[in-house]
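The values are calculated or read from the model by the stated rules, or taken from the named source; none is laboratory data. Given the structure is predicted, the values throughout are model-derived calculations rather than measurements. Quick reminder, even Gly has a Cβ in these numbers, built from the backbone with ideal geometry, and neighbours come from all protein chains shown.
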Amino acid sequence: MISKILITLAVIVACMWMLSARTKPVLKTIPNPGAERKKMLVRNAAIGFMVIMAVAAGTMIYLEADKRGSVVTVHVINTQSGATKSYQAMKSDIQSDGFTTLDGLQVFVAGIERIEIETRSATE
């Protein structure tokens with residue numbers, strides 16, 4: 001009895017295997033000119049957008065690198081007494097807790113002090 005079930009299952013599996021192994025005929029596709037034009041338009045628009053974004057990113061990196069090397073005036077203000085000291089420093093040498101002046105002096109800012117950065121104008 002079990003052999004009949006196994007033989008039936010083997011025949012079904014063999015038939016499914018034979019049907020799936022048969023090659024299907026390849027149909028010739030006719031390209032739609034309108035769809036091809038639309039696909040090329042979308043592709044060209046995407047490439048154009050990527051080029052614009054790459055140029056914009058490069059420009060922003062260049063401008064930021066140019067600003068990082070500029071000399072700025074740093075005002076350290078004591079919030080309790082209102083006393084102000086001014087220093088000259090490169091913008092790239094300024095951190096949140098202190099900075100290094102052009103003379104090589106390292107200035108650390110206390111918790112009660114505030115930093116104001118004044119950039120030089122282009123007309124000076």
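Scanning the range 41-100 for residues that are closer than 19 Å to Glu116 by Cα and β-branched (Val, Ile, Thr) gives Val71, Val72, Thr73, Val74, Val76, Ile77, Thr79, Thr84, Ile94, Thr100. For the range 70-83, residues that are surrounded by fewer than 15 Cβ atoms within 10 Å (Cβ to Cβ) and either of a type outside the set (Gly, Ala, Ser) or at pLDDT 85 or above (or both) total 8. Take the conditions (1) touching a residue at least 24 places away in the same chain (Cβ under 8 Å); (2) of a type in the set (Val, Ile, Thr); (3) assigned to a helix (DSSP H, G or I); Ile61 misses just one of them, which is (1). Number of residues in the range 89-109 that are surrounded by 11 or more Cβ atoms within 10 Å (Cβ to Cβ) and among the small types (Gly, Ala, Ser): the value is 3.
The numbered conditions (1) surrounded by 10 or more Cβ atoms within 10 Å (Cβ to Cβ); (2) part of a loop (DSSP other than H, G, I, E, B); (3) of a type in the set (Ser, Thr, Tyr) are all true for Ser86 except (2). The sole residue among Lys4, Lys24 that is outside any helix (DSSP H, G or I), loosely packed, with under 10 Cβ neighbours inside 10 Å and basic (Lys, Arg) is Lys24. Summed over the range 111-122, the residues that are exposed (fewer than 11 other Cβ atoms within 10 Å of the Cβ) and part of a loop (DSSP other than H, G, I, E, B) give a count of 4.
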